[in-house]
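Worksheet: the structure to be examined is printed underneath.
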Amino acid sequence: MNKIYVQLICFMVFLVGCESIEDTYSRFSDEGMIRYVGKCNDLKVMPGWERVELAWTNSIDPTVEKIKIVWKTDDQNVRDTLIAGDVENCNIKNLLDGVYTFEVYAVDYDGNCSLAEIGHGRPYSYVHEEVIGFSKVVTKYFQVKNNVILFFDRWQPTLKEVTLSYYRNDQEIEKKLTETEVNGKYFVLREIDIDKPIIISRIGTLAECPDEIVFEPTKLDLNVRTFTNDFSTQVKNRYQVNNINEETFFSSVTELELDRDLKSLEDILYFPNLQKVVLGKNRYMDPDYVATGETKYASTLEELEKSLYILDLAYELAGVTVECYNGHYISDADITGRNYIQKMGNPKLPVLNYLNTEGWTISATVEDETGYDSHMEYLLDNNPSTIWKPRMNSSFVQTHELTIDMKTEKTIKGFKIAQKAFVQGDGDMPYLPVDIKIQTSSNSISWNIPLIAEENVIGNSPGEITVLELNKPITARYIRIKMNDVVYFQQYNTLLGDFVVFE
């Protein structure tokens with residue numbers, strides 16, 4: 001008997017497992033069987049240029065007559081279309097930017113819809129981030145007289161065509177740039193009509209977009225200047241101006257003095273009336289140190305090859321000459337053959353009218369330990385052989401804040417800062433500071449920044465003098481200076497020869 005029961009149970013399970021496909025989409029209600037239309041599956045959303053292509057797999061339901069496609073964006077702008085029931089792809093064109101929801105339904109002969117197969121996608125358009133970020137080809141450009149110098153990005157594999165259009169003698173010229181020309185980094189448009197448009201046109205592709213894209217043309221605006229940060233900062237500090245793009249300053253520059261490390265000299269091409277570039281004139285180095293021939297502290301150019309090309313062009317197109325002091329930026333080997341570069345020696349310190357420091361006092365927030373004298377008063381004696389030197393420590397970087405009280409208000413035109421005088425083999429050299437913060441006050445309560453920047457770079461070769469000149473005189477009684485320790489082999493210290501005020 002038990003054997004008969006087991007066989008009966010197995011037969012009933014077999015009947016359940018053989019439920020028809022039709023039964024899969026069928027349910028029952030009080031009024032009888034409700035039948036659902038077989039749905040589409042495996043929807044793929046493939047964005048293209050202002051379009052989206054959809055692909056899916058149809059069901060095997062024989063009652064399907066049509067496929068309905070609905071697409072909508074977050075603002076609920078809904079559109080739909082009906083296509084033949086045996087089609088398994090659709091190309092939806094003329095789409096605006098946005099993230100779309102796509103719903104694909106199977107529709108039977110009675111107009112009943114299946115459950116939706118849902119996907120999401122965003123078409124490519126001019127406002128798409130990948131399109132905006134596509135190579136502009138031209139990364140920077142300069143006008144020199146009636147010439148335009150173009151800097152190029154490297155040719156990208158996704159670039160198909162680049163066309164440069166401009167005018168010469170009222171005739172439009174269209175030039176298709178080659179991969180070799182673009183990879184050449186620079187290109188000069190000579191003797192062109194500056195008042196007419198210069199346009200870059202690009203055709204290319206994106207990694208996930210199947211369509212070739214004609215990108216929006218780029219019109220070069222010769223009035224736009226994009227200075228590199230280090231160049232801009234250096235010019236602001238040297239000439240004490242807030243904005244080097246300000247037309248009065250910008251157009252007035254005929255000689256440009258540069259003294260600190262730079263990535264490149266390219267931005268000299270922006271100055272329309274430039275006649276001379278002066279390199280290293282304001283780095284007053286100790287003659288004894290210069291005599292050693294050591295170049296460790298010389299100002300450098302990170303992109304030397306580009307900078308030399310720029311100087312060559314500036315001379316060729318505008319007659320710009322160069323003075324180079326103490327081997328800063330450009331070596332003797334690179335000067336050779338460039339007759340427009342004049343090799344200069346060690347610059348001479350200008351005559352300055354120093355204030356009498358008699359009766360002045362100076363104090364520090366980091367006080368000397370008992371039995372140790374850092375000699376703060378030596379900062380005021382205008383003698384770089386005598387120095388202020390706090391005690392070295394091996395624990396942490398300290399910020400040294402010193403306040404000078406001149407006892408009465410004085411007229412100030414600037415500050416002379418001197419490193420410790422050069423001594424061959426001096427163990428103090430690694431701790432020479434590279435920058436200093438300066439503030440002034442009339443009451444020691446409210447403090448002002450007398451220079452364009454509070455923090456200023458100073459020359460840090462042994463015995464070097466830095467002159468920081470204000471753009472106009474000020475009056476003050478107190479001067480506050482701040483310097484941080486320099487780290488060398490896990491030791492922390494700093495020192496300074498002089499901090500002298502002139503009027």
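Starting at the first residue of region 455-462, write each ³J(HN,Hα) from the Karplus equation 6.51 cos²θ - 1.76 cosθ + 1.60 with θ = phi - 60°, in whole Hz, x for Gly and Pro.
Result, ordered by residue: 9, 10, 6, 10, x, 10, 7, x Hz.
With θ set to phi - 60° and the Karplus curve 6.51 cos²θ - 1.76 cosθ + 1.60, what are the ³J(HN,Hα) couplings of region 185-196 in order, to the nearest whole Hz, using x for Gly and Pro?
Calculated HN-Hα couplings, in order: 6, 10, 8, 10, 8, 9, 6, 9, 7, 5, 7, 10 Hz.
Take the alpha-carbon positions of the chain, form their convex hull, and give its projected area averaged over all directions (one quarter of the hull surface) in nm². Spell out each step's value before the answer.
Details: hull surface 186.7 nm².
The Cα convex hull of the chain, projected and averaged over all directions, gives 46.7 nm².
Can you compute the equivalent ellipsoid semi-axes for region 52-137, i.e. the square root of 5 times each eigenvalue of the Cα gyration tensor, sorted largest first and rounded to whole Å?
Semi-axes (√(5λ), whole Å): 31, 13, 9.
When the Karplus curve 6.51 cos²θ - 1.76 cosθ + 1.60 is applied with θ = phi - 60°, which whole-Hz ³J(HN,Hα) does each residue of region 474-489 get, with x for Gly and Pro?
Once rounded to whole Hz, the list reads 10, 10, 6, 9, 10, 10, 10, 10, 10, 9, 9, 4, 9, 9, 8, 6.
Using only Cα atoms, tell me the angle between helix 229-239 and the longest principal axis of the chain; keep it within 0 to 90° and round to the nearest 10.
Helix 229-239 and the main axis of the chain meet at about 30 degrees.
Would you pull out the residues with amide H under 5 Å of Lys160's amide H, same chain only if 5 or more places away, H placed 1.01 Å from N?
For Lys160, whose amide H was placed from the backbone, the distant partners under 5 Å are Ile203, Gly204, Thr205.
Region 208-257: Rg/Rh from Cα coordinates, Kirkwood Rh?
Values: Rg = 17.9 Å, Rh = 14.0 Å.
My calculation of the ratio gives 1.28.
Quick one: work out Rg over Rh on the C-alpha atoms of region 162-301, Rh as Kirkwood radius.
1.10
Just for the chain, what percent of DSSP beta bridges are antiparallel, to the closest 5? Walk me through the numbers before you get to the answer.
Details: 101 of 115 bridges.
Beta bridges within the chain, antiparallel portion: roughly 90 percent.
Using packing as a proxy for protection, rank 323-329, 267-273, 389-395 so that the peptide with the highest average count of other Cβ atoms within 10 Å comes first. Please list the in-between numbers first.
Numbers: 323-329: 21.4, 267-273: 19.4, 389-395: 14.3.
Top of the packing list down: 323-329, 267-273, 389-395.
Could you list, in their original order, any pairs among Lys410/Lys472; Lys296/Lys482; Lys276/Lys472; Lys39/Lys68 whose Cα atoms are separated by more than 18 Å?
Details: Lys410/Lys472 14 Å; Lys296/Lys482 26 Å; Lys276/Lys472 25 Å; Lys39/Lys68 11 Å.
Over 18 Å apart, Cα to Cα: Lys296/Lys482; Lys276/Lys472.
Against the longest principal axis of the chain, how steep is helix 2-17, in degrees 0 to 90 to the nearest 10, with axes from Cα atoms?
That helix lies at roughly 70 degrees to the long axis.
Can you list the aspartates and glutamates whose alpha carbon is less than 12 Å from that of Lys185, not counting same-chain residues fewer than 8 positions off?
Within the straight-line limit of under 12 Å, Lys185 reaches these aspartates and glutamates: Asp153, Glu305.
Whose amide H sits under 5 Å from the amide H of Lys140, counting only residues 5 or more places off or on another chain, with H placed in the peptide plane?
Sorted by chain and number, the residues that satisfy this are Phe151.
Where Lys and Arg each count +1 and Asp and Glu each count -1, what net charge lies around Leu82 among other residues with Cβ under 9 Å from its Cβ?
On the way: positive: Lys66, Lys68; negative: Asp80.
Once positives and negatives cancel, what remains is +1.
Would you mind checking Lys140/Lys263; Lys196/Lys306; Lys136/Lys219; Lys196/Lys236 for any pair whose Cα atoms are more than 22 angstrom apart?
Details: Lys140/Lys263 15 Å; Lys196/Lys306 28 Å; Lys136/Lys219 11 Å; Lys196/Lys236 32 Å.
Result: Lys196/Lys306; Lys196/Lys236 exceed 22 Å.
Rounded to a whole number, what % of the accessible area of region 406-503 do carbon and sulfur atoms account for, probe 1.4 Å?
Working: 1880 of 4060 Å².
The C+S portion of the solvent-accessible surface of region 406-503 is 46 percent.
Report, by chain and number, residues whose modeled amide H sits under 5 Å from the one on Gln342, excluding near sequence neighbours (fewer than 5 apart, same chain).
Val322, Glu323, Cys324
Give the Kirkwood hydrodynamic radius (Å, one decimal) of region 75-230, defined as one over the mean of 1/r across all pairs of different Cα atoms.
Values: mean 1/r = 0.0515 Å⁻¹.
Evaluated on region 75-230, it is 19.4 Å.
Can you show me the helix-derived [θ] at 222 nm for the chain, built from DSSP H runs with n ≥ 4 at -39,500 (n - 2.57) apiece and divided by the number of residues, rounded to the nearest 500. Don't jump to the answer; show the numbers that get you there.
On the way: 9 runs with 69 residues, N = 503.
Calculated mean residue ellipticity at 222 nm is -3500 deg cm²/dmol.
Show me 214-221, 202-209 ranked by packing, highest mean number of other Cβ atoms within 10 Å first. List each step's numbers first, then the result.
Numbers: 214-221: 13.4, 202-209: 16.0.
For the peptides 214-221, 202-209, the packing ranking is 202-209, 214-221.
Suppose we look only past 25 Å in the calculated P(r) of region 293-421. What percent of the Cα-Cα pairs does that tail hold? Please report the intermediate quantities before stating the final value.
Working: 4394 of 8256 pairs.
In whole percent, the long-distance tail amounts to 53.
How big is D, in µm² s⁻¹, for region 221-296 by Stokes-Einstein at 20 °C and 1.002 mPa s if Rh is the Kirkwood radius over C-alpha pairs? Let's see the in-between values first.
On the way: Rh = 13.9 Å.
It diffuses with D of about 154 µm²/s by this estimate.
In vacuum, with every alpha carbon of region 125-190 counted as one equal point scatterer, what does the Debye formula give for log10 I(q)/I(0) at q = 0.11 Å⁻¹? Two decimals, please.
Scattering profile of region 125-190, log10 relative to I(0): -0.30.
What whole-number distance in Å separates the alpha-carbon centres of region 331-356 and region 361-432?
29
Rg and Dmax in Å for region 257-352, alpha carbons only: what are they?
Over region 257-352's Cα set, Rg and Dmax evaluate to 13.3, 40 Å.
May I ask you to derive the relative contact order of the chain, considering only C-alpha pairs under 8 Å and at least 6 residues apart, and to give it as an integer percent?
On the way: 1041 pairs, mean separation 49.6, N = 503.
Worked out over the chain, it gives 10 percent.
Where Rh is the Kirkwood radius over the Cα pairs of region 395-481, the temperature 10 °C and the viscosity 1.306 mPa s, what D in µm²/s does Stokes-Einstein return?
On the way: Rh = 14.4 Å.
It diffuses with D of about 111 µm²/s by this estimate.
The values are calculated or read from the model by the stated rules, or taken from the named source; none is laboratory data. Computed from a prediction, not measured in an experiment: that's the story for all the values here. Because the Cβ atoms are built from the backbone with ideal geometry, glycine has one as well, and the counts that use them run over all protein chains shown. Surface areas here come from the heavy atoms of the whole protein model, side chains and all, with no ligands, DNA or RNA. Shrake-Rupley method; radii C 1.70, N 1.55, O 1.52, S 1.80 Å.
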